[in-house]
Amino acid sequence: MSESLHRLKESLLAAPIIWKGEYPYFIHPLTDGVPRLNPSVLTAVVEIIETSVEWQSIDLIVGIEAMGLPLTSPLSMRNNRPQVVVRKRSYGLEGEVAIDQSTGYSKGTMYLNDIKENERVLIVDDVLSTGGTLDAIIQGVEAIGADIQSVIVVVEKGPGLQKLQKKYPHIKISSIVRLEMDEGKVVLLDEVI
């Protein structure tokens, strides 16, 4: 196991757990913005993503509000690729595309801006559970005519990633680590990248 992957796993195992009703949730700075993010953990995740991407085939990095920002910004800077963020509010810019997003947790509209036809896209997301948000984003980006080269999710929990891989076999969709909650504890299953 690489040092970077070890740092990420250790931070996930140390994540605080909160209970919502009878369901435990892990709270991690990469997925929730709290508690404070140790820069070595962010560096580790950026290094892992960086080494798994064929950068010569990427024109644009797409992140998802809000936690996509700390993930995509260093990737953009280090690899000299522009980034855009899928937003939860409309700006009314020319070419803006509204997408309906529905997950096991919420429903709403998200907005794609400044993604161009034929651009080769990397999508980076923090966590994937049901896959509803990412499915809507993939559909929206493809409707624009952009070419999604790869989707990388930091934390996979639940069946969403496998569903998306079956639905979009032409896109490389992967996660760094898989986990589940078991009686109030984070259980790491394996790393996928």
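The values are calculated or read from the model by the stated rules, or taken from the named source; none is laboratory data. Everything quoted here is computed from the prediction, not taken from an experiment. When we count neighbours, we look across all protein chains shown, and the Cβ atoms used for this are built from the backbone with ideal geometry, even at glycine.
One residue stands out in region 14-30 among those that are without any contact (Cβ under 8 Å) to a residue 40 or more places away in the chain and either farther than 23 Å from E183 by Cβ or among the small types (G, A, S) (or both): the one that is surrounded by the fewest Cβ atoms within 10 Å (Cβ to Cβ), namely G21. For region 120-143, the criterion of a residue being at pLDDT below 95, closer than 23 Å to A44 by Cα and not hydrophobic (A, V, I, L, M, F, W, C) is satisfied by at least one position.
Per-residue answers, yes or no, for (1) more than 28 Å from L112 (Cα to Cα); (2) part of a strand (DSSP E or B):
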site: V151; (1), (2): no, yes
site: G158; (1), (2): no, no
site: L161; (1), (2): no, no
site: Q165; (1), (2): no, no
site: R178; (1), (2): no, yes
site: M181; (1), (2): yes, yes
site: D190; (1), (2): yes, yes
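The strands (runs of 3 or more DSSP E) found wholly in region 31-123 and carrying at least 1 residues that are of a type in the set (S, T, N, Q) and crowded, with 17+ Cβ neighbours inside 10 Å occupy 83-86, 97-102.
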